[in-house]
1. For a quick check: with amide H placed at 1.01 Å from N, whose amide H comes under 5 Å from residue 114's, ignoring anything fewer than 5 positions away on the same chain?
2. Can you work out ³J(HN,Hα) from phi for every residue in segment 204-210, in order, using Karplus 6.51 cos²θ - 1.76 cosθ + 1.60 and θ = phi - 60°, giving whole Hz and x for Gly and Pro?
3. In whole Hz and in residue order, list the ³J(HN,Hα) couplings for segment 148-165 that follow from phi through the Karplus curve 6.51 cos²θ - 1.76 cosθ + 1.60, θ = phi - 60°; x for Gly and Pro.
4. Take each of the peptides 176-185, 233-242, 256-265, average the number of other beta-carbon atoms within 10 Å over its residues, and list them starting from the highest.
5. Pull out a ≥ b ≥ c, the square roots of the eigenvalues of the alpha-carbon gyration tensor of segment 166-241, then state rounded if a/c is under 1.5, prolate if not and a/b is larger than b/c, and oblate in the remaining case.
6. Find out how many positive minus negative residues lie around residue 134, taking Lys and Arg as positive, Asp and Glu as negative, among other residues whose Cβ is under 14 Å from that of residue 134.
7. When a/c is below 1.5 the answer is rounded, else prolate if a/b is larger than b/c, else oblate, so apply that to segment 58-112 with a ≥ b ≥ c taken from the square roots of the Cα gyration tensor eigenvalues.
8. Straight-line reach from residue 224: which lysines have a Cα under 24 Å away, not including same-chain ones fewer than 8 places off?
Amino acid sequence: MRAARRGGLARPVRRLGALACLAACVLALAGCGPSSGEAGGTVTVAGSTTVMPIAEMAAERFQELTGDRVLVSGLGSSAGIEAVMNGTADIATSSRGLTAAEEATGELVTTVIARDGIAVIVNAGNPVGNLTLDQLRAVYAGDVTNWSELGGPDLPILVVNRDEASGTREAFKSIVMDGTRFDPAAAVLPGTGQVRDVVSRTPGAIGYISIGFVDSAFTASKVKALSIDGVEPTEANVASGVYPVSRSLYLFTKGEPSGEAKAYIDEVLSPDMAQTIRDAGYIPASESEGGDAS
């Protein structure tokens, strides 16, 4: 049975780490588990660090409008989906679609909130500006190990990968690797910020992050996004579907959302959130021509 699907968009609120969220869940008098639709309840949103800025901004707006609490945490897409499945979160944010096993439960309802491109980033001083998908796959498989093999300097390539809980990794694996095994010697980092930081400071590094995080207002460090197959990772190219490394961003609920959870999702999908989503570097789902990459 395929999961039901809703259309939509999403955006940012207040960041809580995984441990802070768990502590809040234990201590909150109103209860941190899924809200039951009672007035003045708490909505818990857990999952993708990519989607976290959207979820946080929507939470801020929702709290101002309703007075209800929204707890947002970036545990990774898989952890967020698991939390919804086991009843410890109301809403999962995800930068990947459901796996076959998750979809087979028939319990998860899908809301597409935005379209996002995955930028392949290198150090700002790296002269290489374009890779083909085949070259990128070979780099992440460990078959190409020096930038001189790609038209660059004689410099070893430091491959930076994401951890297995990352929805961005799952999307990259599906789109780019296409069944090819990742290089087990690659550095593995838990979040977008860490990937960007390492690549900005390491001349030979290569990594991948959401295009919305290539230019960051929170740091003076710079990275360079590569074209893939000659196509730049721009919002316009993601929206039109021509940029090859792109995916949809999602919210998942266990069954049809109700109560505060539904009201929060409605806020994410509201026209008022569309500009916020664009400001974060994503394409509102209603404006995307690229379809669902999951």
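A short reminder: the numbers here are calculations on the coordinates, not readings from a lab. As the structure is a prediction and not an experimental result, all values here were calculated from the model. With ideal geometry, Cβ positions are generated from the backbone for all residues, glycine too; neighbour counts draw on all protein chains shown.
1. HN-HN under 5 Å from residue 114: 249, 285.
2. So the Karplus estimates, Gly and Pro as x, are x, 7, 9, x, 9, 8, 4 Hz.
3. Those phi angles translate into 5, 6, 10, x, x, x, 6, 8, x, 8, 9, 7, 10, 10, 9, 6, 6, 7 Hz.
4. Ranked by mean Cβ neighbours within 10 Å, highest first: 256-265, 233-242, 176-185.
5. oblate
6. -3
7. Taking the square roots of the gyration eigenvalues as a ≥ b ≥ c, segment 58-112 is prolate.
8. Partners within reach: 173.
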